[in-house]
Amino acid sequence: MKDSHLAYDMVAGSNASLASRREHGKQFFLISLLLATWLPIALFLSLSRTEIPSSLETIKFVFLFLGTAHVPATIFFYMDRGFAQVIQKHKGRYIYLPILVTILSGVVFAFLSLAVQAYLLLVYWGWQAFHYGRQNIGVYAFASIAQTGRSLRKAEKLAIDLGTLCGIFGTFKILGMAVAPTYLHGVFNYLYLVGGTGYIGVLIFTIFVYVKYFSDTTVWKTLFFFTSVFFFFPVFISTDLNVAFLSYAMAHGFQYLVFMTTISLNSGERDSKIFRLGNAFKPIALVIIIGFAFSRLGWLKDLETIKNSAVFVRSVDFLVGATFGLTMAHFLIDAGAWKLSMELQRNYITRRFKFLFGQADIIKRDLPGIGS
């Protein structure tokens, strides 16, 4: 009888210890995700001043590198045996389409006119802002489930979507004026005005939604909800690139690194372990090595050897275009990898975020992912 009691106490103690580790993991994840959003925005808002201290310039370089290098972290899906089943079932989305998009983008930059390249960039920037917005929905959905055990409501999703729409409208003026034909400049100015004015309506609607569901909110949910809705608001604070684009673009990249690092840390099969540090090596290596290669492509054109050869110049143009294609491929891959309405993806993410969600049945089939 004593032995049975002892065994029961050991099991209960083990379960309590696991529950405690999961709770700590949940809090650490939420704090990391919130800081990953706020710190880049705060840094780049501060860089709008006329004189920038050298120390901030160094930090800016590090943030730009890490924020931009989040794209290569997507490759971890292809290195994780747990995701192999998803790739095998959807080869078109995860293999053939990314290759096609990358090659076509390289061809556009290497062989087609500047006008065609301009239109590709405009499509890219609009899609990019949409992709950021979809990730914001996922960020808030994860925070909501972690806090209350349920996903976000349709009205909350609508508020985040409306904020994203305003951001898309403003993006074209901030990023597109330098490359777009002059006849589009007036349109972009008008869209910028509509987006900035529209945020007033978004604010009113967001407050209404927040008050309506106030009884079901928490401090964490409040912070993530308003952060997600007004993620693009820096677009309308200033036309300085540090404020109007890099602030939230780097925040997006840092958010993604938190998600992918969490996936890699929990890539083992044993539920008794949470955040195995040794598993983080692969995504860190991807970010540093491939991210470094990405960041140096633009420098190749300054080399005399490259300048003096039409073939080399065309090759570099192709590589630069291919990097845009790889980023668009990243949009496509994420849109599928985090689509939790699909059973295979839902099971994969559930295992990696079990410390956050608990049992698999807490995941609703309509839970949005963090991709586009």
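What the table below lists for this structure:
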| read-out | value |
| --- | --- |
| Stretchable slack from Ala335 to Ala115, in nm (0.36 nm times residue separation minus alpha-carbon distance) | 76.3 nm |
| Label-to-label distance, nm, for residues given as Ile59 and Val194 (7 Å Cα→Cβ offset) | 3.8 |
| Subset of Lys89/Lys212; Lys26/Lys212; Lys157/Lys354; Lys26/Lys157; Lys60/Lys339; Lys26/Lys154 violating a 31 Å alpha-carbon distance limit | Lys89/Lys212; Lys60/Lys339 |
| Relative compactness, the range 38-156, computed as alpha-carbon Rg over 2.2 N^0.38 Å | 1.42 |
| Approximate spin-label separation Glu23-Ala84, in nm, with each point projected 7 Å along Cα-to-Cβ | 3.8 |
| Ranked by how many other beta carbons lie within 10 Å on average, peptides 201-208, 159-166, 228-235, 171-178 from highest | 228-235, 159-166, 171-178, 201-208 |
| Contour minus Cα-Cα distance for Asn347 and Arg150 (0.36 nm per residue) | 69.2 nm |
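Taken together, the values in this text are just the output of simple stated rules run on the coordinates, not laboratory data. In this text the structure is predicted, and so the values were computed from the model without any measurement. Neighbour counts are summed over all protein chains in view; Cβ atoms, including those assigned to glycine, are modelled from backbone coordinates with ideal geometry.
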